[in-house]
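As structure tokens, the structure follows; a few thoughts come after it.
The values are calculated or read from the model by the stated rules, or taken from the named source; none is laboratory data. Bear in mind the structure is a predicted one, so any value in this text is a computation, not a measurement. Counting neighbours? That spans all protein chains shown, and the Cβs are built from the backbone with ideal geometry, glycine included. Surface accessibility is based on the protein's heavy atoms, side chains included, excluding ligands, DNA and RNA. Shrake-Rupley method; radii C 1.70, N 1.55, O 1.52, S 1.80 Å.
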Amino acid sequence: MKLVFLYLLAVANLICVLHIGLYTIGANFYDVKKFKQARDKINKNLTKNTKKIPKPALVSVIIPAHNEAKVIRRTLDSVLVSNYSKIEIIVVNDGSSDRTKEIVKDYIKRVRTRSKLRIKSPFNQDGLLFADKIHWVWVFRRYCRIRIITQANEGKAAAMNNAIKNYAKGQFIMCLDADSILHPQAIKRAVEYFKDNHVIGVAANVRIIESKSILGKVQRFEHLIGYRSKKFFTLTNSEFIVGGVASTYRRTALKRVKFYDNDTMTEDIGLSIKLIAKNGNKSRRIIYASDVVALTEGVHTFQDLLKQRYRWKMGNLQNLFKYRSLIGRYDPKNYSRMLTMYRLPMALVSELLLLLEPILLGYVIYLSISYHTIGIAIGAYMTITFYVMNALWPDEHLSLSDKIKMSLSAVWIYGVFYIMDVVQISAILKSLRLYKNILNTNMSLNTWISPKRAKQTSPA
């Protein structure tokens, strides 16, 4: 039996080390590539002749909202601060029972009656996140139509589909959660990626709004590390998960696949993997854009975290089962082998390793006690801490002071990460217990219940 546990531990550690190595190397190569592209763009702008600048394409920013009275104004503020000149904002009030509708209507009236608006922004003049002070920004909008649509509580997928099919006019569609804050340059940068005709979807770099709570800090680190791994997936053309915060798509691509499905608990993942399943990912690509930045609220209670991670886990498993024909599929003409032979199979292997983690952790503790050594525990601590630091310090959006403060937290964050492991294991066990919802996706609940929000920080 000891030999079995030893082999399990060795295989699990090998997979984890390979993952960490691939993510680390891939992310660094991505950073070098982006740096080179930025340098080439500067040189090109310095040497090119003056030409007529093409008119910007219209971007429809759609904000589905259910009981978001505390945060919706802050989200609208962040879109107005955008440096992209041609946008329309569509808020879909999805059966809210609070003052979401009234607040948005008052906001629309305010924008229409004032040519000059003073708005709070959490970004400093250099565009860095989590600045120590909130900055006031004067906004002049020559073109920004804002409208609100009200419907019964049918869920995010139905809200998005209603807006896209019946109201949106933009060539590009951006989905923005109602608790999010958009970087001033996010829309402009997202549109830049669509100059490549192969790109049909762009995933944003989503950060957690700073919180003093332990739960908030853990989520902030988790997102920072997780989204850095997306650089590797984009570099290897194996990305298939696009979240709902500031995700941007070609309208024609959405129309081709008949928009969002509402038969899983994560309609955003469902859309991105459906686009890949229908189009392949060779001639039509979905990519991650590290410079398209958005902030979002983390959940504030442990109970809400459990609910959120169950929804994410169940939705992910539902979509993997729904598109199971892609897993291990050999079709190099339409699909990259890194997607079908590595990324998708590993999405399932990762869940298995997660379930084995308590057993393997217990075995590590047993070995440490039996051989009177803490070397194994110290090695694990140093490996994870190094990985966290490697994700933190190369980050292009954090100020030096924020990196130093987060580094001090990273010293003790290793132990707290086990909180997230408990949550994740609980989520997958609950998903497996309700396996019929995985096999029969139409059984899922498609309406939503918003978690508790932080106090509104935007001006009235």
Size of the range 258-325 as Cα extents on the principal axes (Å, biggest first): 42, 31, 19
The range 199-206 - phi-based ³J(HN,Hα) in whole Hz, Karplus 6.51/-1.76/1.60, Gly and Pro as x: 7, 10, x, 10, 8, 8, 8, 9
Listed residue (F221, W312, L275) projecting farthest to the positive dipole end of the chain, Cβ model: L275
DSSP bridge pairs, the chain: antiparallel proportion in percent, nearest 5: 35 percent
Peptides 263-272, 93-102 ordered by average Cβ neighbours within 10 Å, highest first: 263-272, 93-102
Virtual spin-label span in nm between D31 and L355, 7 Å along Cα→Cβ: 3.6 nm
Potential extension, D40-S401 segment - 0.36 nm per residue separation minus Cα distance: 127.0 nm
Tilt relative to the chain, helix 214-235 - C-alpha long axis, 0 to 90 degrees, to 10: 90 degrees
Check: the chain dipole with +1 on Lys, Arg Cβ and -1 on Asp, Glu Cβ, in debye: 2120 debye
The chain: relative contact order in percent, alpha carbon pairs under 8 Å with at least 6 residues between: 20 percent
Longest DSSP-loop-exposure-free segment, chymotrypsin sites (Phe, Trp or Tyr not before Pro), the chain, at most 14 other Cβ within 10 Å: 168-329
Computed accessible area, S85, all protein chains, 1.4 angstrom probe, square angstrom: 70 Å²
Restricting the range 166-261 to trypsin sites (Lys or Arg not before Pro) in coil, as DSSP defines it, with at most 15 other Cβ within 10 Å: K169, K195, K212, K258
Mean Cβ count within 10 Å, highest first, over the residues of peptides 11-18, 65-72: 65-72, 11-18
Histogram of C-alpha separations across the range 239-382, 5 Å bin width, %: 2, 8, 14, 16, 16, 14, 10, 8, 6, 4, 2, 1, 0
Net charge contributed by nearby residues that have their C-beta within less than 12 Å of K230 (K/R +1, D/E -1): +2
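Going by accessible area, probe 1.4 Å, with all protein chains left in place, what is the ranking of T296, T150, largest first?
T150, T296
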Nearest-10 value in Å² for the accessible area of S115, using the 1.4 Å probe: 100 Å²
Helix axis angle, 302-322 relative to the chain longest principal axis, alpha carbon, degrees: 90 degrees
Greater than 22 Å apart at Cα, pairs in K34/K195; K307/K405; K116/K195; K33/K120; K70/K120; K195/K313: K307/K405; K116/K195; K33/K120; K195/K313
